[in-house]
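Below is one structure, written out as structure tokens; the observations come after it.
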Amino acid sequence: MTVKNAFYAQSGGVTAVINASAAGVIEAARQHPDKIGKVYAGRNGIIGALTEDLIDTTEESTADIAALRHTPSGAFGSCRYKLKSLEANRAEYERLIEVFKAHDIGYFFYNGGGDSADTCLKVSQLAETMGYPIQAIHVPKTVDNDLPITDCCPGFGSVAKYVATSIREAGFDVDSMSATSTKVFILEVMGRHAGWITAACGLAAEGEGQPPHILLFPEIDFDQPAFLARVKECVEQYGYCVIGVSEGIKNADGTFLSESGLTDAFGHAQLGGVAPTIAKLVKDELGYKYHWAVADYLQRAARHIASKVDVEQAYALGQAAVRIALEGKNAIMPAIRRLEDQPYRWDIIEAPLKDVANVEKFMPRDFITDDGFHITDACRRYLSPLIQGEDVPPFKNGMPDYVRLKKISVERKLQPFKV
């Protein structure tokens, strides 16, 4: 078998465990020097391939690559950049082939979510459309947990653990002060179209009256009168009300409550923060004193409270991607298959990228209570295994000791390319 180099890149919003997948890919590749030469990482995702801005991971020590497993964020830099179709921008595909040829790249590992799966699928078709042999394997990652086929997505379990812990702790705080101070607390979490992270907040409540008392999902149209009535009921019954809300909740007409009018690099509506919108509504209509918080980057960067299950799955999927590529396969995403809830058992299957790209997985209706304001026991059975176990990073001087790679650039061989 001819030895070819590999290209690895990270895409989209980073997570607490995406670097664990990177470690899985790089360590697995290093075990097969007779088949994979060097692993080049794209600086800032696919942009690194287009601009020939490659990082030579062979310059990183074994210890530093291993330390990626407990380091959050994207060690090589990520991006929000989606390849257009071949017809719309042939120049980009010709450039990819130029770079791949110049650096003898035969393997392409793209670590990301739904839009990244689409990019990976397009790259996998280079052999057919442009005559360049490349094996493209998608490594799943997204805190939104909205990729199809896979039981869960690396990054989600750790976010779920973080938001459930945070809203539980905030609930204790609000409860202790509610007699004379704050009556309503709102935590805004990520989730544009799918309410998986919002649902995870519900794990904090294990008994009647425990917070969060209300969850607002993108899958359920926002009903203002019903919501306000529920808030009032909770305050009167429990003395306070804790709310978990997805950034992507919508009115009945389909408009986001927090839409800013802007769009991001993928063309998605830029959301402007729904928590203050909900807080103002509570204040104006009910007169309750409130506080709100936006988990924002904190939820996806919180490696200090990562789920052990999540870390193990992220690493295993990175290793599986290399195995699949060495088997000669193309346009595949390794995916998690759930075998049993309790104890949680799982294995890895292969999902064709054509069935993954541009497909979103939403919360099933039977995971949401009839009134639309909380999770069901079925949802709890699904979510609970994903937050199990602690994988605490090493600490130094009282702080998490995360690795910073050298990220030594590969010498360019081609003319510059503008993206």
Given the -39500 (n - 2.57) contribution per DSSP H run of 4+ residues, what per-residue ellipticity at 222 nm results for the chain, rounded to the nearest 500 deg cm²/dmol? -10000 deg cm²/dmol
Using a simple spin-label model with points 7 Å from Cα along the Cα→Cβ vector, what separation in nm is obtained for Glu327 and Arg404? 4.0
For a label point 7 Å from the Cα of Glu94 along Cα→C-beta, name the residues of the range 380-419 whose backbone N is under 17 Å from it. 414-419
Accessible area in the full protein assembly, largest first, 1.4 Å probe, for Trp346, Trp292, Trp196: Trp292, Trp346, Trp196
At 1.4 Å probe size, put Ile387, Ile55 in order of accessible surface, largest to smallest. Ile387, Ile55
Pull up all non-local amide H partners of Glu259: gap of 5 or more, or a different chain, and H-to-H distance under 5 Å with H placed in the peptide plane. Gly272
Find the accessible area per residue for the chain; the probe is 1.4 Å, ligands and nucleic acids are left out, and the unit is Å². 41
Let me cross-check Ser11: its accessible surface, 1.4 Å probe, with only protein heavy atoms counted, in Å² to the nearest 10? 0
Taking the alpha-carbon centroid of each part, what is the distance from the range 317-391 to the range 150-221 in angstrom? 21
Roughly to the nearest percent, how much of the accessible area of the chain is carbon and sulfur, given a 1.4 Å probe? 50
Unpartnered cysteines of the chain (Cβ-Cβ under 4.7 Å counts as a partner)? Cys79, Cys120, Cys152, Cys153, Cys201, Cys379
Of the convex hull enclosing the alpha-carbon atoms of the chain, the direction-averaged projected area in nm² is 21.3
Order of 164-173, 224-233 by packing, highest average Cβ count within 10 Å first? 164-173, 224-233
Please report Rg over Rh for the range 240-379, where both radii come from the alpha carbon positions and Rh follows the Kirkwood definition. 1.04
Tally Lys and Arg at +1 and Asp and Glu at -1 over the other residues with C-beta under 13 Å from the C-beta of Pro416: what net charge comes out? +1
Order Arg365, Arg303 by their accessible area, 1.4 angstrom probe, all chains in place, largest first. Arg365, Arg303
For the range 175-316 the mean separation of alpha carbon contacts under 8 Å (6+ apart) over residue count, i.e. relative contact order in percent, is 30
How far, in nm, would the chain grow between Ala252 and Ser61 when pulled straight, counting 0.36 nm per residue and subtracting the alpha carbon separation? 63.4 nm
Binned at 10 Å from 0, what are the whole-percent values of the Cα-Cα distance distribution for the range 129-194, short to long? 16, 30, 22, 17, 8, 4, 3, 0
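The values are calculated or read from the model by the stated rules, or taken from the named source; none is laboratory data. Everything numeric here is computed off the predicted structure, so don't read it as measured data. Every residue, glycine among them, receives a Cβ derived from its backbone with ideal geometry; neighbour counts consider all protein chains shown. These area figures cover heavy atoms from the full protein model, side chains too; ligands, DNA and RNA do not enter into them. Shrake-Rupley method; radii C 1.70, N 1.55, O 1.52, S 1.80 Å.
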